[in-house]
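Asks: Would you mind keeping the following structure in view while I ask a few things?
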Amino acid sequence: MPPYTITYFAVRGRCGAMKFMLSDQGQEWKEVVVPFDEWMKGDLKATCVFGQLPKVQDGDLELVQSNAILRHLGRNHDAYGSNNKEASQIDMMNDGVEDLRLKYVKMIYQEYDTGKDKYIKELPDHLSKFEAVLAKNKSGFLVGGKVSFADYSLLEVLLNHQVLCPTCLDTFPALKAFVAMMTARPKLKAFLDSEDFKKLPINGNGKQ
Ligand code: 6SG
């Protein structure tokens, strides 16, 4: 029995990064996929701390909030830096990724038709911040010398943005190298190439 059970909708959404980490770390997991109409009945929602998914069970520990889950998995799988200083820098970078993710989600769910062009126009300003950090760190990762949960989260956001705007990384060599390095990691590559991953839409409203 794998120790983790991920409960979520049939979308990549907020579970992409945690699945990247688990697959890259050679860790299996079980999935409970909740159909939207089932969710709308409200019974499961009522049991979730904030009334939302994803939820991850690790033995008798039950967690919601995707970034808390990422941190937990990062602790369990040595993807949270080599010391407290690196862990704090990883937190900082992950919060930066979350800021971009929230802008993306707002555009996708609330203003795709009216706001997509403006979003793409402003995107280089956001991406340039991650470019600068990666360009400074010789390992190719965001922080220190090994992969962290923030790397998986950044990768997931970047892959989604390449679907939104295929040329968006063309002026960012460090981001391009980061995506190439991460997606070449054999176990992660196998997951990215799998039907389990490819069959899921990125977002719950079909926009991408
Ligand atoms: C939505 O936002 O899929 N959870 C979402 N929506 C259902 O009743 N801060 C936390 C975190 O980081 C955010 C959780 C996140 O974990 S994810 C959730 O639980 C709710 O609030 C994106 C996603 N969307 C699919 C979906 C949600 C709303 C519209 C489409 C479910 C299906 C139809 C209605 C509810 Fe639906």
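Asks: What are the pairs with Cβ atoms under 9 angstrom where one residue, in segment 23-40, is exposed (fewer than 12 other Cβ atoms within 10 Å of the Cβ) and the other, located anywhere, is among the aliphatic types (A, V, I, L, M)? Sequence gap at least six, or different chains.
Replies: GLU28/LEU22; PRO35/ALA10; PHE36/ALA10
Asks: Next up: Filter segment 104-119 down to residues that are surrounded by fewer than 17 Cβ atoms within 10 Å (Cβ to Cβ), touching a residue at least 12 places away in the same chain (Cβ under 8 Å) and in contact with a helix residue (DSSP H, G or I) (Cβ under 7 Å, 6 or more places away or on another chain), then give me how many there are.
Replies: 1
Asks: Which one of these does GLU111 not meet: (1) within 27 Å of VAL34 (Cβ to Cβ); (2) under 19 Å from the mean Cα position of the chain (by Cα)?
Replies: GLU111 satisfies all of (1) within 27 Å of VAL34 (Cβ to Cβ); (2) under 19 Å from the mean Cα position of the chain (by Cα) except (2).
Asks: Let me ask something additional. Restricting to segment 46-94, name every residue that is within 16 Å of the ligand (Cβ to nearest atom), surrounded by fewer than 17 Cβ atoms within 10 Å (Cβ to Cβ) and assigned to a helix (DSSP H, G or I).
Replies: The answer is ALA46, THR47, ALA68.
Asks: How many residues are more than 13 Å from TYR152 (Cα to Cα) and of a type in the set (A, V, I, L, M, F, W, C) when one looks only at segment 70-112?
Replies: Final tally of qualifying residues: 7.
Asks: Cβ-Cβ distance below 6 Å, separation of 6 or more or different chains: which pairs start in segment 184-208 with a residue that is closer than 20 Å to ALA10 by Cα and of a type in the set (A, V, I, L, M, F, W, C) and end on one that is assigned to a loop (DSSP other than H, G, I, E, B) and more than 10 Å from the ligand (Cβ to nearest atom)?
Replies: Taking only residues 6 or more apart or on different chains, the pairs are ILE202/GLN208.
Asks: Does segment 161-189 hold any residues that are small (Gly, Ala, Ser), out of contact with any helix residue (DSSP H, G or I) (no Cβ under 7 Å at 6 or more places or on another chain) and either part of a helix (DSSP H, G or I) or surrounded by 15 or more Cβ atoms within 10 Å (Cβ to Cβ) (or both), and which are they?
Replies: Restricting attention to segment 161-189, the residues satisfying the condition of being small (Gly, Ala, Ser) are 174, 177, 180, 184.
Filter once more, keeping what is out of contact with any helix residue (DSSP H, G or I) (no Cβ under 7 Å at 6 or more places or on another chain): 177, 180, 184.
Passing the criteria: ALA177, ALA180.
Asks: May I ask you to list pairs of residues, at least six apart or on different chains, whose Cβ atoms are under 8 Å apart, with the first in segment 50-73 being over 17 Å from GLU28 (Cβ atoms) and the second being surrounded by fewer than 19 Cβ atoms within 10 Å (Cβ to Cβ) and hydroxyl-bearing (Ser, Thr, Tyr)?
Replies: Listed by first residue and then by second, the contacts come to nothing, as the list is empty.
Every number here is computed from the coordinates shown, using simple stated rules; none is lab data. Just so it is clear, the model here is predicted, and its values are computed rather than measured. Cβ atoms come from the backbone with ideal geometry, glycine included; neighbour counts cover every protein chain shown.
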